[in-house]
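The structure under discussion appears below in the form of C-alpha cells.
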Amino acid sequence: MEVGAEGFARRLPRLRRRILRAAFVALDMEFTGLHSTSVQNNEPSLFDSPAERYVKARQSVQRFTLVQLGLAIFSKENSSKYVVHSYNFFLFPSTLGIRDVEFTLSASSIQFLSHYGFDYNKFLKDGIPYMNEVQEKILRQRLLAGTWKVCSTSNADRDVLKKAIDEVTSWIAVAKEEDTMILQDLNGDHVLEVQLVLRQALENVWTEPLGDKKVMVKKVSPEHRQLLENSSYDHCQKKLILLSARGFTNLFQILVKANKPLVGHNMFMDLMHLHDKFYRPLPESYEEFKRNIHNLFPVIIDTKTVTKSVQKKCLFPRVSSLLEVYAVLCSNLNPKGPPCPVIALASGCSRYAEKKSPHEAGYDAFLCGSVLLMSAHLLLCRSTDDAVEADPSFSQYLTVLAEHVNKVNFIRGGVSSINFSGEDVPCRHPPALIVHVQGWPGLTERQIYQEFKARCRFDVRRLSKNQFILLSSQYKHVRLVLRDYRHHPHLQVSVYRHWRHSPSVNCLLQISGIVALWSVLAFALGGTSSC
C-alpha cells in the first residue's frame, strides 16, 4: 500500500492499532545517496573501527535524505499464520515554519532507484513531512510567539498560494459578510498552507477544509473571526498545525512507544537516518548514538547477521541479496521438519504476492520480515532436532535468535557487527600484509590499490614513506599475493608484525636502545672515576 501526505493523517489511527497488535515490525529505507564523495576517504574500509565508520556515515546521513520508508507489520492471526500489512511511505522534509532543509542527491543512487521504477513525482509532490525534536522545538516556539511562516519555496507551491490569494482578494472586495467561496484542486499540504497564508494576510476571512482538496473561504467581521479562532473546531489550531508539520514523526513515535522488535537488513544506515530525521540530530559520539538507539528500540534484529549464522549452521547456500536469501529460504531447506508458519499478505497489499518489486521499500521490508521468520524457524528446528511443536510462538523464535538480538551487521570493518546493547567484539581478519617499496618513488595508496586490484581486493593504508599495509577479508587473497610477489623487483610483501613493523614500536625500541646505551656508558664512566 502506497501512502503519501494526502492520506497519511487519515490512516494514522489504523496504523497505530496494527502496530500495537503486531508481533514485530520490519523496516527498509531508500535514500538520495549513501556515501558522500565531498569528503575524502569516506568509503567504508576494513581499517575502520566502528567509531571511525560512524563519523564517515554521519557526514553522509547529514547530507542525504529519505525518499521512501517501508514498513511491514507482521501480526500472528492464528496458530500457524502471520498476516503482513506492508506500506510504502513517500517522505519529504517538512517546510512548515522551520528553516528550509537542504539535502544532496547522488547521481548513482537516483539512477539506481529510477532503474527499479521509483516514482520521484510522489516523493516531491506528495511526500509526507517529518521533523526531529530540535526542529519541532523551533516550530513550537515560533507558533507560540506568532513568528512562524510557511517555507514553501518551489515555484509550483508559490504559484498555488499566489493564485489562491489573488482569487480571494478579488472576491472579498465585493463580497458581503457571511458570503462564502470554494478553493479547489489543492493537495494535502496546500490545504493547510493556503488557509494559514490567507488568515495571515486578511483579517476578515475565515477558512475551513472541506475534504476532496477543497477549502471554504468565508467573509467575517474581525470580532467574529476572533471568536472562531478560540473555538475547539478550528482546523488551524496551533496543536493541529504542529501535528501536520510533524507528519511521519507521529508514526515514528508510535513505533517507539509500541516497543515492538524492529527488524531490518544491513540496517546500520537505516538506524542512523531514523535517529537523525525523526529523533534528534546525530550526536558526535558513537557511544551516545548506540545508547540512544537502544533506548528507542530495545530489540533490534538484523537479518543479515541472522542469515550469516544460518549459512554456517544449516548448510545455507551462500547468496548476497535479500531477494536471493528469501528465494532460498522459500525452497524448503528442512523438508523433514515441521513446516514454517504461513506468511500471508493482507488484502490491500497483495501486489507483492503477484510481482517482485526489489528495492521498493515496502517490498524489501516484507522480504526482511519473512526472512526473519523462516530463518528463526530453521534455527529452532536445528536446536531441538526437529522436535518443534506445530505452532511455535514468536517468543520461542526470539529465544533462538537471542545471540543475534541488537547485533547489526557491519560492512567491511574492524568488527563483524555493532552491538547496541554492549561492547563491540573485534572480528578475525586474515593477517595484514606490509609492502616495502624499493626503487619506485612517489607511490600512492591509490597506485598500490590498482597494483593489487587485478588479483584480489585489498584495502590500503600508508604506514611510512615507503611502506603500506594491506588488509583483505579473504585468506586465499593473502596467500595469493604472498606467492605472486615473492620475487617482485620493487615490492617486497610480507606478513605484518606489530612488534616489528609498527613505527611507534620501532620508535620506542630506538629510544630504549639509546637509554640503555647511555646507562651502560654512565655506569662505565662512573666505575672508572671511582677507581
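The values are calculated or read from the model by the stated rules, or taken from the named source; none is laboratory data. This is a predicted model, so every value here is computed, not measured. Quick reminder, even Gly has a Cβ in these numbers, built from the backbone with ideal geometry, and neighbours come from all protein chains shown. Just the protein is used for accessible areas: all its heavy atoms, side chains included, with ligands, DNA and RNA removed. Shrake-Rupley method; radii C 1.70, N 1.55, O 1.52, S 1.80 Å.
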Among residues of segment 255-298, those that are over 13 Å from residue 54 (Cα atoms) and touching a His at 6+ places or on another chain (Cβ under 8 Å), counted:
3
Among the numbered criteria (1) more than 29 Å from residue 67 (Cβ to Cβ); (2) in contact with a strand residue (DSSP E or B) (Cβ under 6 Å, 6 or more places away or on another chain); (3) in a helix (DSSP H, G or I), which one does residue 216 miss?
(3)
Could you figure out which of (1) out of contact with any Phe, Trp or Tyr (no Cβ under 6 Å at 6 or more places or on another chain); (2) under 24 Å from residue 90 (Cα atoms) isn't true of residue 222?
(2)
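Rundown of residues vs (1) surrounded by 14 or more Cβ atoms within 10 Å (Cβ to Cβ); (2) in contact with a strand residue (DSSP E or B) (Cβ under 8 Å, 6 or more places away or on another chain); (3) without any contact (Cβ under 8 Å) to a residue 60 or more places away in the chain, yes/no style:
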| position | (1), (2), (3) |
| --- | --- |
| 369 | yes, yes, no |
| 381 | yes, no, yes |
| 384 | yes, no, yes |
| 402 | no, no, yes |
| 409 | yes, yes, no |
| 426 | no, yes, yes |
| 433 | yes, yes, no |
| 438 | no, yes, yes |
| 449 | yes, yes, yes |
Considering only residues of segment 164-189 that are open to solvent by less than 70 Å² (accessible area, probe 1.4 Å) and among the small types (Gly, Ala, Ser), which is modelled with the highest pLDDT?
175
Test: residue in segment 418-439 that is modelled with pLDDT of 90 or more, closer than 30 Å to residue 300 by Cβ and polar (S, T, N, Q):
yes
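Given the condition at pLDDT 85 or above and at positive phi, answer yes or no: does some residue in segment 394-407 qualify? Explain how you work it out, then say what you get.
Kept after step one, since they are at pLDDT 85 or above, are these residues of segment 394-407: 394-407.
Imposing the further condition that a residue be at positive phi reduces the set to 406.
Yes, segment 394-407 contains at least one residue that is at pLDDT 85 or above and at positive phi.
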List pairs: first residue in segment 64-78 and more than 21 Å from residue 358 (Cβ to Cβ), second residue of a type in the set (S, T, N, Q) anywhere in the structure, Cβ distance under 9 angstrom, at least six positions apart or on different chains.
65/32; 65/104; 76/393
Looking only at segment 35-88, and only at residues there that are among the β-branched types (Val, Ile, Thr) and part of a loop (DSSP other than H, G, I, E, B), the one that is least open to solvent (accessible area, probe 1.4 Å):
65
Segment 341-367, residues that are farther than 19 Å from residue 81 by Cβ, open to solvent by less than 20 Å² (accessible area, probe 1.4 Å) and either outside any helix (DSSP H, G or I) or in contact with a Pro (Cβ under 6 Å, 6 or more places away or on another chain) (or both)
357
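Scan segment 56-88 for residues that are aromatic (Phe, Trp, Tyr) and over 18 Å from residue 269 (Cβ atoms) and jot them down. Explain how you work it out, then say what you get.
At the first step, the residues of segment 56-88 found to be aromatic (Phe, Trp, Tyr) are 64, 74, 82, 87.
Selection gives 74, 82, 87.
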Filtering segment 451-504 for residues that are under 32 Å from the mean Cα position of the chain (by Cα), small (Gly, Ala, Ser) and open to solvent by less than 40 Å² (accessible area, probe 1.4 Å) leaves a count of 1
Answer from 139, 192, 161, 143 - the residue that is surrounded by 15 or more Cβ atoms within 10 Å (Cβ to Cβ), outside any loop (DSSP other than H, G, I, E, B), within 30 Å of the chain's Cα centre (by Cα) and modelled with pLDDT under 80
192
